[in-house]
Amino acid sequence: MSLSASPLQPESVHSRECVNCTSVSDIPPQMSNGSSITHFLLLPFAHTRELQLWHFWLFLGISLAALLGNGLIITSTACDQHLHTPMYFFLLNLSLLDLVISPRMLADLLSEDKTISFTACMMQFFTFAFFGISECHLLAMMAYDRHVAICQPLLYVTIISSRVCWQLVASSYLFAFLSAIAYTWSVFGGSFCGPNRIDHFFCDEVPVLKLVCSDTHSSEMVIFAFLTINEVGTIVVILLSYVSIIRTVLRMCSAQSRARAFHTCASHLTAVSMYFGPAFFMYLQPPSSHRSLDKVVSIFYTVVTPMLNPFIYSLRNKEVKGALIKLLNEKQTLNITPFLEENKR
């Protein structure tokens, strides 16, 4: 799941007028009273029916793969006692966040009606914001967990206790919830007088703010503040953690120990790069840049990354692979046992 962020160089709109609304008569009835838009129109990826169907089957396959992969990670982590550690507790919560998919996006690819109500659009944005902010904080917690495990191994059990893990995760969800409320109000709290066409496949911040007719300067400042606290703040925690890890690893005498330490962090670094890289590529640019790539990049961190995360953490982690193999073997044994008992009779 991902977080939309306001550009660091916002294009403030101090006096934005309704585009294509030259007179009151040009505005549809439901838009003629300030902020009285009741529906938005989401623009599809492609205008031909054949391409929309092809996109539907592609995204359906990716979503099912994400559900399967994250479901296996959650099940194996919960069932295997060897994985009841802080690192895998954070991984379990990350997989829970990645389980969330957007049925609305899949439905829009099949339906000819691309409209979405104002309330549904706002709730969709709130959901993306909440899960995106939560994932930012979880990735930062996982980096700090690795920092303590490698740099202070003797104090690891004391510092990263079970109680501390629950407190960190609960506080991140609470902060994400409160941030998402303020974030959503900043985006949808302005006046919408038309047009109502969102040039995106979901209700994202930048395309929605382009439709606001009132002054958005104060909203952009609030969004910028939350961007700094959530995304930039978590990136700083991740960078400081890995700077300390690298310094500690380089002081290790054994090459095997250095390789094992770097291998432990490789999966997390890959996940961080895949999550923050596309978001920063799109949102740290001026609004006029990368306009044609917005949808493609958004697909990557909202749909593709949740599918790849389980493979990243399982393929490079012997403990997770072992737990998955054990889980599948137990499942196969349970399926075969009734057959064997029947044959014995």
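Number of residues in segment 85-121 that are modelled with pLDDT under 85, exposed (fewer than 14 other Cβ atoms within 10 Å of the Cβ) and assigned to a helix (DSSP H, G or I): the value is 3. Can you pull out every residue in segment 227-243 that is touching a residue at least 60 places away in the same chain (Cβ under 8 Å) and either touching a strand residue (DSSP E or B) at 6+ places or on another chain (Cβ under 8 Å) or over 21 Å from Val148 (Cα atoms) (or both)? Of everything in segment 227-243, those that are touching a residue at least 60 places away in the same chain (Cβ under 8 Å) and either touching a strand residue (DSSP E or B) at 6+ places or on another chain (Cβ under 8 Å) or over 21 Å from Val148 (Cα atoms) (or both) turn out to be Leu227, Asn230, Glu231. Of all residues in segment 263-287, those that are surrounded by fewer than 15 Cβ atoms within 10 Å (Cβ to Cβ) have Cβ atoms under 7 Å from Cβ atoms of residues that are at pLDDT below 80 and assigned to a loop (DSSP other than H, G, I, E, B), 6 or more apart or on another chain, in Ala266/Arg316; Pro286/Pro7; Pro286/Gln9; Pro286/Glu11. Among helices (runs of 4 or more DSSP H) entirely within segment 144-236, having at least 3 residues that are out of contact with any Gly (no Cβ under 6 Å at 6 or more places or on another chain) and open to solvent by less than 20 Å² (accessible area, probe 1.4 Å) singles out 162-188, 205-209, 217-227.
Can you tell which of Val236, Val187 is modelled with pLDDT of 85 or more, of a type outside the set (Asp, Glu) and farther than 30 Å from His268 by Cα? On inspection, the qualifying residue turns out to be Val187. Residues in segment 69-84 that are without any contact (Cβ under 8 Å) to a residue 40 or more places away in the chain and surrounded by fewer than 18 Cβ atoms within 10 Å (Cβ to Cβ): Gly71, Ala78, Gln81, His84.
Residues of segment 25-63 being open to solvent by 30 Å² or more (accessible area, probe 1.4 Å), outside any loop (DSSP other than H, G, I, E, B), at pLDDT 80 or above and within 26 Å of Phe118 (Cβ to Cβ), which ones? Those that are open to solvent by 30 Å² or more (accessible area, probe 1.4 Å), outside any loop (DSSP other than H, G, I, E, B), at pLDDT 80 or above and within 26 Å of Phe118 (Cβ to Cβ): His39, Leu41, His55.
You will find that of Ala66, Ala5, the residue that is modelled with pLDDT of 65 or more, open to solvent by less than 70 Å² (accessible area, probe 1.4 Å) and closer than 29 Å to Cys165 by Cα is Ala66 and no other. Screening the candidates Thr337, Thr305, Thr333, Thr264 for the property of being part of a helix (DSSP H, G or I) and modelled with pLDDT of 80 or more yields one hit, Thr305.
The values are calculated or read from the model by the stated rules, or taken from the named source; none is laboratory data. These numbers come from a predicted model, not from an experiment. Using ideal geometry, Cβ is built from the backbone for each residue, glycine included, and neighbour counts are taken over all protein chains shown. Just the protein is used for accessible areas: all its heavy atoms, side chains included, with ligands, DNA and RNA removed. Shrake-Rupley method; radii C 1.70, N 1.55, O 1.52, S 1.80 Å.
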